[in-house]
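Below is one structure, written out as C-alpha cells, with a few remarks after it.
Only the coordinates and a few stated rules stand behind these numbers; no lab work does. Everything numeric here is computed off the predicted structure, so don't read it as measured data. Reconstructed Cβ throughout: ideal geometry from the backbone, glycine too, with neighbour counts over all protein chains shown.
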C-alpha cells in the first residue's frame with residue numbers, strides 16, 4: 001500500500017535527513033581534503049626548502065669552479081713562452097690567486113712534459129706546482145712526477161677532459177691530527193684539440209657546505225645532509241656518518257629505493273621510511289648540478305611525518321566541530337522554511353484543481369507576497385489565467401471570421417498561443433491561396449483563349465508574310481492592351497548578309513519606320529536575336545521610341561522584345577511598347593504564342609521559297625533545253641576542230657622528228673632552267689638527260705661569266721617575247737663543235753611567254769671553211785704586201 005504523506009511530512013522525513021547526510025559528506029570531504037592539502041603543502045614547503053638549499057650550495061661551488069675554469073682557460077697560451085719562463089710565470093700567478101682567495105685550501109696543477117718540453121717524447125711524466133697553508137703561512141712546491149709511468153689515480157684524472165669534482169676525501173695534511181678535514185677537488189683540465197695537456201685544481205674543504213646543510217630545519221626534528229655523486233655523505237648532523245657511503249649508513253633504504261644509483265644519475269626523488277625508534281620520516285632528495293660537470297651531487301632532507309601532519313590534524317578537528325554545529329542549525333532552518341512553503345502551496349493547489357476542470361475566471365487570481373519562488377509561482381499562475389482568458393477571446397474572434405485580429409504571445413515558448421496564431425495564419429494563407437488560385441485561373445484562361453485566338457489568326461493568310469505579320473501584330477497589341485507594336489522577320493536571302501526586317505508595325509512614327517533593318521547584335525532587336533531571350537525593360541532610353549497623338553508625344557513606360565524561335569533558330573522578333581508595365585503572365589503568353597508564330601513564319605517562308613524555286617525550275621528547264629541545242633552544235637564544231645588538230649599534230653610530229661634528227665633541241669622555262677633536251681644535244685655535250693634536266697642556262701653559257709650584262713639583256717629580251725640567236729664553240733672529249741642556236745619564246749592563249757624553245761644547228765664545217773678562207777686571204781694579203789715591198793725596193797734600186 002502506497003504511503004500518502006503531506007509535503008511538510010515529506011520534508012521532515014526525507015529532506016532534513018538527506019540534507020544532514022549531504023552536509024556530513026560535504027564537511028567530511030572538505031575536512032579530509034583540507035587535511036590532505038595541508039600535508040601536501042608541508043611536503044611542497046619541504047621540497048622547495050631542499051631545492052633552495054641545493055641552489056645555495058651550487059652557487060658556492062660554481063663560484064669557486066668558475067675561478068678554476070677561468071684560470072685553466074688563461075693558461076692555454078703556454079706555447080707562446082719558453083718552458084722555464086712559463087713555469088716561473090704561472091707559479092707567480094698561482095701564488096697571487098692563492099693569497100687573494102683564503103677560502104681555497106690548496107691549489108695545484110699538472111703539466112704533461114710531452115706538451116711543454118719538445119725534448120720529452122714519452123707519454124708519461126709531468127711537472128706539478130702545489131700551494132697550501134700551514135699555520136697561516138703559504139707553502140709551495142714544484143716537482144716532477146710520474147717519470148716512470150702514470151699512477152692509476154692520475155691516469156683516471158687524465159681521461160676526464162671536462163671540468164670535474166672529486167669525491168670527498170680527508171686532507172692528507174691533517175692525517176694523524178685530532179681533527180681531519182673532509183674536502184674535495186675542483187679540477188679543470190687544459191685540453192687542446194681533444195688532447196690532455198694538463199690540469200688546474202682547487203682543493204676546498206666542505207665546512208662551508210656543511211654549515212649550509214646544518215641550517216636547514218624547516219620543521220622541528222628535521223635535518224638535512226649532503227651526498228656526493230659517488231654516494232659519500234659529505235655533510236650530516238651526525239659527524240659519525242661523514243665520509244661514509246650512504247648505502248652503508250642506510251642499507252635498507254639503498255636496497256629498497258636504490259638511492260646511490262638515483263643520486264649518480266642526478267634524479268629528484270622522495271620516499272617515506274620508519275627509523276629504528278619507530279618514527280616515520282619523509283625524505284626528499286634534490287640533485288646539485290655543478291657547472292658543466294657530469295657528476296651531480298645531491299642534498300636530502302628528513303622530516304618527521306608526525307610534525308608535517310600536526311597542523312593538518314588540528315584543522316581537521318576544527319572542521320568536524322563546525323560541521324556538527326552546522327547540522328543542528330540546518331535542521332532548525334529547514335523546519336522553519338517548510339512551514340512558510342506549505343501554506344501558500346495549499347492555496348495554489350486549490351486554484352490548480354479549478355483549472356484542471358477547465359474553469360477559467362478573472363476572479364480566480366490570488367495574491368501571495370512571500371518574495372520568493374512561491375510568489376513567482378503565484379504570479380506565473382495568474383499570468384497563465386490571464387493568458388488563457390485572452391486565448392479564449394482570440395478563439396472567439398477567429399470563430400466569427402475576424403482573421404486579422406491580433407494576438408500577443410505570453411513568451412517565445414507560448415505553445416498554445418503559437419498554435420492559435422498558426423491556426424489563424426493557416427486560415428489566412430488558405431484564403432490568400434484561394435484568391436491567388438482564382439487569379440492564376442483567370443490568367444491561365446486568358447492565355448488559353450489568347451492561344452486559341454492566335455491559332456485561328458495564324459491559320460489565315462499563311463501564304464503572305466506581310467499580311468500575316470500585320471494581322472499578328474495588330475491583334476497582339478489589342479489583346480495585350482498595349483500602345484504600339486512591331487514585328488521583325490529574318491531575311492536570309494543573302495547568306496552573307498542576314499538581317500531582321502520590319503515587316504509590320506502599329507502606331508509607330510515615321511522615324512521608327514525608316515530604321516527597319518537590324519543585323520545580329522545590332523540594337524535591342526539584334527541583341528534579342530543574339531541572346532535568344534526575351535528582353536523586358538521599364539527604363540527605356542529617351543531616344544528609343546515615342547508615343548505620339550494629336551495632343552503631343554510621350555515616352556512609354558515599358559518595352560518587351562520576344563524572339564520568335566523554332567528549334568533554337570530565331571525567325572523573328574516581336575516588339576511591344578506600353579504606357580503600363582506588362583504583367584508576367586502576358587510576357588509568358590507572348591513567349592508561348594511566339595513559338596506558334598515562328599512555326600507559321602517558317603511554313604510561310606518555305607511555301608514562298610517553294611513557289612520561287614518552282615518558277616525558277618521552269619525557267620531553268622527552258623534555258624537547259626536551249627543550252628542542250630547549243631551544246632550539240634558546239635560538239636559538232638569541236639569534233640571538226642579535233643580532227644583538224646589531230647591532222648596538224650601529225651604534221652608537227654613528223655616535222656619535230658625530222659628536226660630532232662638534224663638539230664639539237666632544248667626547252668627552258670622562263671627562268672632559264674632546262675625542262676627538256678633531245679638526244680642530239682646530249683651527244684654533242686657528252687652528258688645524260690638526268691644530269692641536264694633542272695640545270696640553269698647560266699651554268700652552261702660562258703657569256704654568263706664573261707659578259708654578265710650582255711647575258712642578262714639576252715635573257716630579258718627572251719622574257720619579253722623576242723627571239724634571239726647565239727653562236728658558240730662547244731668542246732667535249734677532245735672534239736670541237738660550233739653551234740648556232742635560235743631561241744624562240746612559246747606563248748600561251750593570252751600571248752604570254754611560258755617557255756623558251758632553243759634549236760641548235762651544227763655549223764662546224766662551215767665554220768672550218770670560213771677559217772680556211774680567212775687563212776687563205778691572210779696568206780694572199782701577206783704575199784701582196786711582200787710583192788709590194790719587193791716592188792718598192794726594186795724601184796729604189798732602179799733610180800740609183
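Full extension from residue 44 to residue 527: what is 0.36 nm times the residue separation minus their Cα-Cα distance, to one decimal in nm?
Going from the current span to full extension adds 165.1 nm.
Hey, rough spin-label estimate for residue 327 and residue 693, points 7 angstrom out along Cα→Cβ, what's it come to in nanometres?
With each label placed 7 Å out from Cα toward Cβ, I get 13.4 nm.
From a point 7 Å beyond the Cα of residue 567 in the direction of its Cβ, which residues of segment 601-622 have a backbone N at a distance under 19 Å?
Only 601-611 fall inside the zone, counting backbone N under 19 Å.
Just subtract the alpha-carbon distance of residue 63 and residue 779 from 0.36 nm times their residue separation and send over the number in nm, one decimal.
Stretched out fully, the residue 63 to residue 779 stretch lengthens by 243.8 nm.
Just to confirm my numbers, what's the Cα centroid distance between segment 601-630 and segment 205-230 in Å?
Each part's Cα centre sits 131 Å from the other's.
With a cut-off of 8 Å between alpha carbons and a minimum separation of six or more residues, what is the relative contact order of segment 663-762 in percent? Could you put the intermediate results ahead of the total?
Values: 176 pairs, mean separation 29.4, N = 100.
It comes to 29 percent, rounded to a whole number.
In whole percent, what relative contact order does segment 203-280 give with Cα contacts below 8 Å and a gap of six or more residues?
Relative CO of segment 203-280 lands at 19 percent.
Using only Cα atoms, locate the centre of segment 732-794 and the centre of segment 250-276, then give the distance between them in Å, rounded to an integer.
A separation of 139 Å, based on Cα centres.
Size of segment 460-615 along its principal axes in angstrom, Cα-based, largest extent first?
51, 30, 30
Using 0.36 nm per residue, how much length does the chain from residue 520 to residue 431 gain when fully extended, once their Cα-Cα distance is taken away?
Here the segment from residue 520 to residue 431 would lengthen by 27.2 nm.
What list do you get for 288, 327 if you sort them by fewest beta carbons within 10 Å?
Least to most surrounded, the residues fall as 327, 288.
Output the peptides 80-89, 757-766 sorted from most to least packed, where packing is the average of other Cβ atoms within 10 Å over each peptide's residues.
Taking the mean over residues of other Cβ atoms within 10 Å, the ranking is 757-766, 80-89.
Can you sort 73, 539 so the residue with the fewest Cβ neighbours within 10 Å comes first?
The fewest-first ordering by Cβ neighbours comes to 539, 73.
What distance in nm separates the two pseudo spin-label positions at residue 702 and residue 77, each 7 Å out from Cα along the beta-carbon direction?
10.3 nm
Ranking 246, 348 by Cβ neighbours within 10 Å, fewest first, what do you get?
Sorted ascending by nearby Cβ count, the order is 348, 246.
Using a Förster distance of 35 Å, how high is the FRET efficiency between residue 794 and residue 771, based on the Cβ-Cβ distance and rounded to 0.05?
Efficiency, rounded to the nearest 0.05: 0.50.
Under a point spin-label approximation (7 Å from Cα along Cα-to-Cβ), what is the residue 634-residue 592 distance to one decimal in nm?
6.1 nm
Based on the Cβ-Cβ distance from residue 101 to residue 294, what FRET efficiency comes out when R0 is 25 Å, to the nearest 0.05?
For residue 101 and residue 294, the calculated efficiency is 0.45.
What share of all Cα pairs of segment 65-205, in percent, falls into each consecutive 5 Å distance bin?
Final binned percentages: 2, 9, 19, 23, 22, 15, 7, 3, 1, 0.
Evaluate E = 1/(1 + (r/R0)^6) for residue 460 and residue 716, where r is the Cβ-Cβ distance and R0 equals 56 Å; express this FRET efficiency to the nearest 0.05. Each step should come with its number before you reach the end.
Numbers: r = 78 Å, r/R0 = 1.39.
My answer for the efficiency is 0.10.
For segment 65-205, what does the relative contact order come out to in percent, with C-alpha contacts under 8 Å and a separation of six or more?
Across segment 65-205, relative contact order equals 27 percent.
Can you give me the pair-distance distribution of segment 203-289, C-alpha pairs, 5 Å bins, whole percents?
That works out to 3, 13, 23, 29, 22, 9, 2, 0, 0, in percent per bin.
Could you state the number of Å between the C-alpha centres of segment 141-162 and segment 695-722?
Here the answer is 113 Å between Cα centres.
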